Structures are given as structure tokens and as C-alpha cells.
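**Student:** Attaching a single structure in C-alpha cells format; questions to follow.
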Amino acid sequence: MQTLSALCTAPSGLEPVLRRVCCGSLNDHYRRMYGEISERRLVPTFLDAETYMHLLRNVLSAAIVASAMASMNAHAANQATKEDYVRAPMPPGFQVVATELEGPVFADAQGRTLYMWPKRQLRNGDAGEVEGKPTCGDEPYRENSGFLSPYPKGLEMPDADKRPGCTAVWPPVLALAGAKPIGEWTVVDRLDGRKQWAYKGWSLYTSTVDKRPGETFGGSGMFYHGEPGANRHPVGPEANVPGQFDVQTTLPGRLVVLHDGWSVYTYDGDGRNKSNCKDACLDGWSPVLAAVSATPFGEWSIVERAPGVKQWAFRTRPVYRHLTDSKLGSLDGSDVPRWHNVYTQMTPEPPQGFKLKATTVGLTIGDANGKSVYRYTCTDDAIDQLECDYPEAPQVYRFAVCGGGDPDRCQKVFPMIIAPTGAKSGNMVWGTMYIEPKSGKRASAETPGALNVWTFRGRPVYTFAGYKGYGDNRTTDVNAHGWGEVNGGRNGFAALIYRDIHEYRDGVRADR
């Protein structure tokens, strides 16, 4: 990747305004600390919007994407690597399944992912469950709760006569007569008198959206934007990391962070179980120290920096904190040459033709034509908070938000991304399906007018063609990010963001 000094000294490398900003005194601090820094490091730090947009459209866009790809590829030499987890007692009939997005998850005997539904505070009330008290029942709700929107409660739900009960979508994981608690697994009483398995107190369910073992399409802890509903999350074993670390699900992969949320990094200049970050290097990086009594285990080893001073290493690479990270879960340190975020496993790459691109909100996934790729999110406003964003769910919500209720207009404004006949993704995260556009429902190749479209997590993906001239007209555009109700979180569209410029805002990931 071209370095900052190369751009600054090239006769036509930067226009005058960019030369003043990128090569002037504002950057002296970083130049002293790192010697050479990546261009992407500059973007979120001090560029104003006009200069940043100019920068994106010209000399640095390719460098930004190259930096992210280089960091990802350098740290994920073996993409088949899977996350290790803590082995613990489980009841008979359960197992741990490796998944591509969420890492290890618990599953039933058929391989179906297990989920919990934690209580969440919404705009006008709380929805979800508390520990030990399952409330997902058989009776369908026909009226809205008023929790998510400014509309009063008691309004009839769309397709009310067809709306299923909670357990029809989220079957409870029932316990057989005589089932005994073991470890973190307990048995709780349902309102209907049946027994249900719980993990750490949280009642467990499977999802009818998941069709194959290893799918986690029913819900995810990864995506939040705007003000979402009370969504379900996969449940899995503890990651096999030291107590001061944690693992988070992100779009690039399962990110290793400290227990308080700060990212950790590795350095190419280190050897196997040997740290070479000393002296001036320590002005910008802090070794993550281990207790004197700590011992190696699993994929974690110990580096002795000095007599009695131990440092943690993951897969033989010593780990560090980046002292200038300003937000939790940051990827900023990976912009420094030869430094990388730490992942237990990487998310599978998108299908051929999709690529990362620099946009006004950060690095997003683009289609083969350079258009930003969007996902659609929907949670209805009944008490049981059923998702309405997958093909088997009512499509009236999507038609309303993207086409004013007109399916044809919806497909013109937010066209689904067409997949070539016979296209394969090579993984479970991305796929294809046939959709009949007027109904929005899953179809077959023989269905008249059906479209073969790309999917992400079992749901079609879209571009934003726009309406009356307003759409994504440039490769840097993401004009529909947050399109819909409650900034798109309740019912709307969001870009597939690989890395948000404002990765954290008030402690919450902005791209979730």
C-alpha cells in the first residue's frame, strides 16, 4: 500500500488542499509515533466532510479498501480456522455446532441453533423475557403493543388473520419428564405447564427460519442500527479465552477484545511467542499483561517480557492495546502498518463480484456494479416481537417502506440483486433463492416471473435505485442507510457495513 510520505512527496500525489491536511502539522503526532501511517488512519480523525468526500472520490479510496483487505488477509491466512470454546457439561441430546457468523453455538440433536430472547427496553415499554420465565406462547397476537412506534397500542396487525403464534416461529426447547439440571443448564416451567430447557436462566428456543445445521438466521447479536425491537440471539458456550478477554460477533469476523470492550492487536514484527515491541514502540502500544500465576492453555500462550512480567499471546502472537483507540471494538489500530486486529475466526467472503468499497459511512460491501448493498430489517410491534424481514414473513411491511404499498414500485426503488443462474457462494452466510417479486415470497425456478437473487443470512439483499432521481448514483453513496421507520431499525434498510467510520457511539456499535 502506498505510504503517506510517498503521497506527500509525489509531484501530483495530492491536491493542495489534501496536501495541507494530510501532510501538515496535524499529522506530526502520528508521524512521530509510527514513522509511516496508513491513509485510512486520517479519515475519521480530523478531516471535515467536504475534504473527506473529496479524498474518498480520488486518490485514497483504493488505499482505504486495500488497507482493510490487507489487514483481513494477513490475519486470516487460514480462513477455515474455527473458534475454540470451553467444554462444559450439557444435557443429553444437545451439541455444540461451529457456525460461520456466530462462532460455536448450542444446538439440539438435529443441529438446530438454540436462541434466547432477553428483555429489552423499547420506546414505550419492555419486551422479551426475564431469566427463568418463558412467555413465548401459542396464542397469536392480533394487535400491536405500541412498544416500538408512536402509534397507540391496540391497532390491528397486518395480515392479522394469518399471523402465527410465537411458538409457531420459535418452538420452545422442551425438556422430557425427569430431565435433570446439569451445569449451567436448568429446567423452567412454562405457562402451559410444560417443562423447557434454559441456559444460565434464559429459556431456549429454536427458529423455523433456520433450515440447516449451522445456520443462525433466526437472530443475531451482530446487527443493530436505529432502534430495533427485542430480538433473539444465538446461545453458545463460553469462548476459550483468558478471563480478561471476550469475543464479539462483527461482520469481518469474531473479534477478540478485552473484557471492557477495547480491541487488541498483534504485530508482524514480533516472533513466535516473542515480543519485539519495545522502547519507542511502547509509546503507542501497551502489552496485555497476564497475571504472574497465569499459565498457557488452549490457543493462548505466555510471553515473558522481563523477569516476572508476563504477556498474553494468541496463536503464538503477543497481543497489545492500541493507546490511541478512542472507541470500544475499534479497528483503527489495524490502519498502522504491520498491526492487525485479532479474530478467532473470519466471516466467509461475499460471492464473486461483491467487493469492499469506500463510502460516506465507511467501508461497505458493494455489488458487481459498485452499488452499495443493503439488508432489510423488520420486527413487528406485537408483544412477542416477531421478525418480518425473511421471505416467509408478511411482506406488507417492506412494501410499505420501500414502495408505498406497491410491490412494483418497491422493486424499482430497492431492486433485489440478481444472481447468475447456477451461482454458488461457497458458504452458508451468502446464498441464492428464487423470489416472486409481487408477493415477496420464496418461489421456485418454475414460478412465472420469479427472480434468482443473492441472499445474506437467508434474506434477499438490495441496491438503492431510488425514486425521482434520488438514489445511489455514485459508488460512495449510501443514501438509503437508515431508510425506514425509526432510522430503519424497526422496519427499513441499512448498508452492509464492514467498517463504520463512527464504529462506536455512546458505547453502542453504530453499524449494529
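**Student:** Collect the residues in the stretch 367-381 that are in contact with a Ser or Thr (Cβ under 6 Å, 6 or more places away or on another chain), surrounded by 22 or more Cβ atoms within 10 Å (Cβ to Cβ) and not acidic (Asp, Glu), keeping them in residue-number order.
**Tutor:** Of everything in the stretch 367-381, those that are in contact with a Ser or Thr (Cβ under 6 Å, 6 or more places away or on another chain), surrounded by 22 or more Cβ atoms within 10 Å (Cβ to Cβ) and not acidic (Asp, Glu) turn out to be 371, 372.
**Student:** Take residue 183 and decide whether it is closer than 30 Å to residue 253 by Cβ, modelled with pLDDT of 95 or more and surrounded by 17 or more Cβ atoms within 10 Å (Cβ to Cβ).
**Tutor:** So residue 183 does not fit the description; no.
**Student:** For the stretch 281-301, how many residues meet the condition of being farther than 11 Å from residue 319 by Cα and in contact (Cβ under 8 Å) with a residue 40 or more places away in the chain?
**Tutor:** Number satisfying all stated conditions: 6.
**Student:** Suppose we keep only residues that are at pLDDT below 95 and among the aromatic types (Phe, Trp, Tyr) within the stretch 137-156. Which one would you say is surrounded by the fewest Cβ atoms within 10 Å (Cβ to Cβ)?
**Tutor:** 151
**Student:** For the structure I just gave you, tell me whether residue 459 is at pLDDT 95 or above, of a type in the set (Lys, Arg) and crowded, with 18+ Cβ neighbours inside 10 Å.
**Tutor:** yes
**Student:** What number of residues within the stretch 394-418 satisfy the criterion of being under 16 Å from residue 373 (Cα atoms) and among the small types (Gly, Ala, Ser)?
**Tutor:** 0
**Student:** Given 101, 148, 174, 114, which one is of a type in the set (A, V, I, L, M) and farther than 22 Å from residue 390 by Cα?
**Tutor:** So the residue among 101, 148, 174, 114 that is of a type in the set (A, V, I, L, M) and farther than 22 Å from residue 390 by Cα is 174.
**Student:** Which of the following residues is part of a loop (DSSP other than H, G, I, E, B), within 24 Å of residue 96 (Cβ to Cβ), in contact with a strand residue (DSSP E or B) (Cβ under 8 Å, 6 or more places away or on another chain) and touching a residue at least 24 places away in the same chain (Cβ under 8 Å): 135, 216?
**Tutor:** 216
**Student:** If you check every pair at least six apart or on different chains, which have Cβ atoms under 6 Å apart with a residue in the stretch 260-280 that is free of Cβ contacts under 8 Å to residues at least 40 places away in the same chain first and a residue that is of a type outside the set (A, V, I, L, M, F, W, C) second?
**Tutor:** Sorted first by the residue in the stretch 260-280, then by its partner, the pairs are 276/269; 276/270.
**Student:** If you take the residues of the stretch 84-132 that are touching a strand residue (DSSP E or B) at 6+ places or on another chain (Cβ under 8 Å) and of a type in the set (Lys, Arg), which of them is farthest from residue 206 (Cα to Cα)?
**Tutor:** It comes out as 120.
**Student:** Among the residues of the stretch 116-124, is there at least one that is at pLDDT 95 or above and part of a loop (DSSP other than H, G, I, E, B)?
**Tutor:** yes
**Student:** Using the structure shown, decide if residue 277 is part of a helix (DSSP H, G or I) and in the same structural domain as residue 332 (by TED's automatic domain parsing).
**Tutor:** In short, no.
**Student:** Here is a further query. Is there a residue in the stretch 351-360 that is touching a helix residue (DSSP H, G or I) at 6+ places or on another chain (Cβ under 8 Å), of a type in the set (A, V, I, L, M) and not in a loop (DSSP other than H, G, I, E, B)?
**Tutor:** There is at least one residue in the stretch 351-360 that is touching a helix residue (DSSP H, G or I) at 6+ places or on another chain (Cβ under 8 Å), of a type in the set (A, V, I, L, M) and not in a loop (DSSP other than H, G, I, E, B).
**Student:** Turning to a different aspect of this structure: For the stretch 412-453, enumerate the residues that are β-branched (Val, Ile, Thr) and in a loop (DSSP other than H, G, I, E, B).
**Tutor:** Scanning the stretch 412-453 gives 417, 421, 429, 447.
**Student:** Among the residues of the stretch 384-409, count how many are within 24 Å of the chain's Cα centre (by Cα) and among the small types (Gly, Ala, Ser).
**Tutor:** 1
**Student:** Something else now. Listed residues 242, 296; which is in contact with a Phe, Trp or Tyr (Cβ under 9 Å, 6 or more places away or on another chain) and more than 30 Å from residue 149 (Cα to Cα)?
**Tutor:** Within the list 242, 296, the selection yields 242.
The values are calculated or read from the model by the stated rules, or taken from the named source; none is laboratory data. As the structure is a prediction and not an experimental result, all values here were calculated from the model. Quick reminder, even Gly has a Cβ in these numbers, built from the backbone with ideal geometry, and neighbours come from all protein chains shown.
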